Amino acid sequence: MSVIRHPDQRVAILIDTQNLYHSAKNLYKSKVNFGAVVKAALGERKLIRAVSYVVNTESGEESAFFEALEKVGIEIKTKDLQIFYGGAKKADWDVGLAVDAIKFAHKVDAIVLATGDGDFIPLVEYIRNQGCQVEVITFGRSASSRLREVVDDFIDMDEHPSDYLIGYKASSSGKRKQGLRKQLKRTVGTDTDHL
């Protein structure tokens, strides 16, 4: 992966909201801090657009969530949940996100996809062939390994989950294990990453 970042670089951030939401819920039993995701994805560059693709629920309880996104400067695109005969439900923004990415590719220097969905691999390859840099920010444990390989940069939110999750605290056993590794390394003076 070779990534170029400079302050004059124009960036569009496209957020697959359902993907991040379900990853955070399943991996950490927590909620995503979308403002922190945008901040990390952007860095010191110029934000042209930040768009969150959201599916309206049946109960319509998402108005507070929408307000929170708008307060941090994220544009919201909504779609109603489709309910089919027999009770099957469909909630998918993949095509809409892909169409917007293709539109933005000629207007920005980099597109950051906030998703781990491998279905976006052909989109990434197409946009890169158009000369636009493509980056991904997501939870690495729930991301497509092939998606990680085809992008210019991959920010793994699993490396510092407390930076991206609301109210998440790292488990004390994880902190204890890191502390023991550091102590062993100082004492023994060897690489302890294998422990």
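Where a number appears in this text, it was derived from the coordinates with a stated rule and is not lab data. This is a predicted model, so every value here is computed, not measured. Methodologically, a virtual Cβ is constructed for each residue, glycine included, from the backbone with ideal geometry; neighbour enumeration extends over all protein chains shown.
Quick rundown of the values:
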item: Neighbour net charge for Asp100 - beta-carbon separation under 9 angstrom, K R +1, D E -1; result: +3
item: The range 10-168: mean projected area of Cα convex hull, nm²; result: 9.5 nm²
item: Protection proxy ranking of 26-38, 107-119 - average other beta-carbon atoms within 10 Å, highest first; result: 107-119, 26-38
item: Pairwise centroid distance, computed over Cα atoms, of the range 17-35 with the range 87-156, Å; result: 17 Å
item: Cross-link pairs Lys39/Lys71; Lys46/Lys107; Lys71/Lys169; Lys25/Lys169 - those with Cα-Cα distance over 18 Å; result: Lys71/Lys169
item: Environment charge of Gly116, counting only residues whose C-beta is closer than 12 Å and scoring Lys/Arg +1, Asp/Glu -1; result: -2
item: The range 10-168: relative contact order as a whole-number percent, Cα under 8 Å and 6+ apart; result: 28 percent
item: The range 71-145: C-alpha gyration tensor shape, a/c 1.5 cut-off, then a/b vs b/c; result: prolate
item: Mean Cα-pair separation over length for the range 6-64, i.e. relative contact order, pairs under 8 Å, 6 or more apart, %; result: 54 percent
